[in-house]
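Comments concern the structure below.
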Amino acid sequence: MSSTESKEPVLYITFSLEDEMFAVDVSQVREILDSTRITKIPRAPEFMRGVINVRGSVVPVVDMRLKFGMASAESTANTRIIVLELNLDGETMILGALADSVKDVIELEQSQIEDPPKIGSRWKTEFIKGIGKRNDEFIILLDIDRIFSSDELAIVETASAGATVEENI
């Protein structure tokens, strides 16, 4: 596979959206938070739920279901916010991604990862690093840096820059 040059196994955090299993490279995950009160931002894109306070910093939160064209869902006891570090044009941006649930940390070897399908995929293949195979399940390995366009992140950043979030205790 061309997008992952390393022969070493890679650790991924798996999470679910609807009935699909996704994963992101653990090196891009800062932390995982229980669902909390999200402050809405006026005129933000539909997929942007709002902002939260993470140790004094305003962090925008996006609904990954909406970003991927799925129906929105109510928060449950399993809903989590995955705080991610994105690299956009050489700059780091912190973003919270709302997931139905976070499953576990897995290790995948190169032999367990295939290139994303060129056709017939529900997801845009430029967002996918590969398809991981573990036991009898497929896991969509996301390229989190490519999911959001520069324009979208600029809107999210601008909307969240003016926001203030009360300290959640």
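The values are calculated or read from the model by the stated rules, or taken from the named source; none is laboratory data. The structure displayed is predicted, hence computed values, not measured ones. Here the Cβ is made from the backbone with ideal geometry for all residues, glycine too, and neighbour counts use every protein chain on show.
See the values below:
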{"quantity": "Tally, over the range 26-71, of residues that are of a type outside the set (A, V, I, L, M), in contact with a helix residue (DSSP H, G or I) (Cβ under 9 Å, 6 or more places away or on another chain) and either more than 25 Å from Asp104 (Cβ to Cβ) or at pLDDT 90 or above (or both)", "calculated": "9"}
{"quantity": "Test: residue in the range 15-22 that is over 16 Å from Lys129 (Cα atoms), modelled with pLDDT of 95 or more, loosely packed, with under 13 Cβ neighbours inside 10 Å and not hydrophobic (A, V, I, L, M, F, W, C)", "calculated": "no"}
{"quantity": "Tally, over the range 17-65, of residues that are basic (Lys, Arg) and free of Cβ contacts under 8 Å to residues at least 60 places away in the same chain", "calculated": "4"}
{"quantity": "Members of the range 51-79 found to be under 16 Å from the mean Cα position of the chain (by Cα), surrounded by fewer than 19 Cβ atoms within 10 Å (Cβ to Cβ) and over 19 Å from Lys103 (Cα atoms), listed by number", "calculated": "Leu66, Gly69, Met70, Ser72"}
{"quantity": "Pairs, first within 12 Å of Phe15 (Cβ to Cβ) in the range 66-90, second assigned to a loop (DSSP other than H, G, I, E, B) and among the acidic types (Asp, Glu), C-beta under 7 Å, six or more apart", "calculated": "Asn78/Asp100; Thr79/Asp100"}
